[in-house]
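Enquirer: One structure coming up, written as C-alpha cells, with questions to follow.
The values are calculated or read from the model by the stated rules, or taken from the named source; none is laboratory data. The structure displayed is predicted, hence computed values, not measured ones. Because the Cβ atoms are built from the backbone with ideal geometry, glycine has one as well, and the counts that use them run over all protein chains shown.
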Amino acid sequence: MVFQGYRRPDGRIGVRNKVLILPVSACASDTARIVASRVEGTVTFNNQNGCSQVGADQQFTMDVMAGFAANPNVYGSVVISLGCENCQMDMVVDAIRKRTNKPLVQFIIQECGGTLKTVELAVQAAEKMVEEASKVKKETFPLSELIVGTECGGSDPTSGLAANPLIGEMSDRLAAAGATSILSETTEFIGAEHILARRGVTPEVSAQIYDIVHRYEKALQLVGEEVRAGNPSPGNKAGGLTTLEEKSLGCIHKGGHSPVNAVYDYAKQVEPHKGLVIMDTPGNDPSSVAGMAAGGCQVVVFSTGRGTPTGNPIVPVIKITGNKLTYANMKDNIDIDASPVLYGPQTLEDMGDVLMEELMEVCSGKLTKAEALGYTEMAIARVCNYV
C-alpha cells in the first residue's frame, strides 16, 4: 500500500503541509491565535503552559512544543513568545533544532513592541512560509513510512469487542509492513500490564512496561489520590464498563498481537520502522494524542464507543466506533462504523481492509470528520500544580 505525502529536509514524511504558529506560553497564545486567523494554511493551539511550572512539567511542555514543530505534517514554524516566561525563546528554538532542520522564524512580543507589531511581523513571515510550503510537491511513499498513533475515548463494551480489535488488526498490519504503531494511555494498562509485559521483545522492554504503570499509580498516590477514583469515567460506566481492569483489557486490544519493541516517555521522538511501540501517556484524550503527535506520528486512529469529536491541530484523527447506535447518532463525528465486527456480515479481516483503505486515503489528503469540523483540542500532560 502507498500514500501521497511530503518529504521534509530532515528525512521525515508528512501527510499534511501546515505552517505552525507556535505559542511558547499562555501569554503568547492569543497573539498566535490572531496570527493564525489571518493566514490560511497555518495552525496553532492554546498553550496553557510554558511558565510557572516545576521542572518535570516544563520538560513535558518543551518536548511537546519541539515535537509539534518537528512533526512531519508541519512544513515550518513561526515561534512566538512573550519574553519573560520560563520557556525562554532560545531554549525552545534549541529544543526544536535538536529534532529538525525545517524552516523556523521567531518573534518576542516584549521586544517587537507589543501585540500589534508582533502580529504584523508574524503574519508577514507566516504568509511567506505558507507560500514556500505550497511549492512542496507530493510524492508516493510506502506504508512503512507511517507512524500511527492509536487512542480510545468514551469507551463502552463495543470498544473492547469491536473497535479496538479492529485497530489492533491495523497495528499488526502496520508492524508487518515495517511501519510503527503507538499504543498509548498508561492508566488504561492497569490490571492488564502483565499481558503487555509478556509481549516485550526483551526483558528490558517488559520491565519498562511495569515501570511506567507503577510510576503513574505512585504519582497519583503521592498527592492522596487513586486512579480508580476517576477511571472508568461516568460515561464509561453508563456505557456498561464496570472496572478499570475491564477497561484496560479492552484498551490493549489496540496493540493487536505483535511484540512490543520499545517504550517511549511522553512526547519523546518515536523511531520509524519500529513495529508496535508504547508511549507513556495519560488516559486523557487530548493530552495523549498531543504526546503521540509530538513523538512524530502523522495520523491517529481513535476508537470511541460513546462518541467523541476530538481532533488535533497538526495530525488528522480518524474516528471509529463499534457501537452502531453511536454511529447513527454521531455520523458528523465518526469516520468508520466498526459494528459489523460484532454483527456481521463483514469479518474483522474485511473491516481491516476498510480501515487500511481509509488510512491511506486520509494520509493522501482526505479530510477526517474532525478536520472538516475544525476540531483542534489540545492539552499537555502534567505531574504537579502550577507554582
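Here is a yes/no grid of residues against (1) in the same structural domain as S171 (by TED's automatic domain parsing); (2) within 24 Å of G41 (Cβ to Cβ); (3) surrounded by 24 or more Cβ atoms within 10 Å (Cβ to Cβ); (4) of a type in the set (A, V, I, L, M):
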{"residue": "V270", "(1), (2), (3), (4)": "yes, no, no, yes"}
{"residue": "L276", "(1), (2), (3), (4)": "yes, no, yes, yes"}
{"residue": "G296", "(1), (2), (3), (4)": "yes, yes, yes, no"}
{"residue": "S303", "(1), (2), (3), (4)": "yes, no, yes, no"}
{"residue": "P309", "(1), (2), (3), (4)": "yes, yes, no, no"}
{"residue": "N312", "(1), (2), (3), (4)": "yes, yes, yes, no"}
{"residue": "N323", "(1), (2), (3), (4)": "yes, no, yes, no"}
{"residue": "K331", "(1), (2), (3), (4)": "yes, no, no, no"}
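Enquirer: Now a separate question. Within the stretch 222-239, restricting attention to residues that are in contact with an Asp or Glu (Cβ under 9 Å, 6 or more places away or on another chain) and either at pLDDT 70 or above or not assigned by TED's automatic domain parsing to the domain that holds G154 (or both), which residue is farthest from G153 (Cα to Cα)?
Expert: Going through the stretch 222-239, the residues in contact with an Asp or Glu (Cβ under 9 Å, 6 or more places away or on another chain) turn out to be 226-227, 231-232, 235-236, 238-239.
Imposing the further condition that a residue be either at pLDDT 70 or above or not assigned by TED's automatic domain parsing to the domain that holds G154 (or both) reduces the set to 226-227, 236, 238.
Values: E226: 20, V227: 16, N236: 9, A238: 14 Å.
Only one residue fits best here, namely E226.
Enquirer: If you don't mind, another one. Condition test on R33, is it surrounded by fewer than 21 Cβ atoms within 10 Å (Cβ to Cβ), of a type in the set (K, R) and in contact (Cβ under 8 Å) with a residue 24 or more places away in the chain? Outline the logic, then answer.
Expert: Values: surrounded by fewer than 21 Cβ atoms within 10 Å (Cβ to Cβ): yes; of a type in the set (K, R): yes; in contact (Cβ under 8 Å) with a residue 24 or more places away in the chain: no.
Judged against the criteria, R33 is not a match.
Enquirer: Looking at the stretch 71-78, is at least one residue in contact with a strand residue (DSSP E or B) (Cβ under 7 Å, 6 or more places away or on another chain), within 19 Å of R12 (Cβ to Cβ), surrounded by fewer than 24 Cβ atoms within 10 Å (Cβ to Cβ) and among the β-branched types (V, I, T)?
Expert: No, the stretch 71-78 contains no residue that is in contact with a strand residue (DSSP E or B) (Cβ under 7 Å, 6 or more places away or on another chain), within 19 Å of R12 (Cβ to Cβ), surrounded by fewer than 24 Cβ atoms within 10 Å (Cβ to Cβ) and among the β-branched types (V, I, T).
Enquirer: Now a separate question. When you check V15 against the structure, is it touching a Gly at 6+ places or on another chain (Cβ under 6 Å) and either more than 17 Å from T118 (Cα to Cα) or modelled with pLDDT under 95 (or both), yes or no?
Expert: Taking the combined requirement at face value, the residue satisfies it.
Enquirer: Name the residues in the stretch 336-382 that are hydroxyl-bearing (S, T, Y) and assigned to a loop (DSSP other than H, G, I, E, B), would you? Even if it seems obvious, please write down each step before you answer.
Expert: Pass one, the stretch 336-382, residues hydroxyl-bearing (S, T, Y): 339, 343, 347, 364, 368, 375-376.
Those that are hydroxyl-bearing (S, T, Y) and assigned to a loop (DSSP other than H, G, I, E, B): S339, T347, S364, T368, Y375, T376.
Enquirer: Is at least one residue of the stretch 47-60 surrounded by 24 or more Cβ atoms within 10 Å (Cβ to Cβ) and hydrophobic (A, V, I, L, M, F, W, C)?
Expert: no
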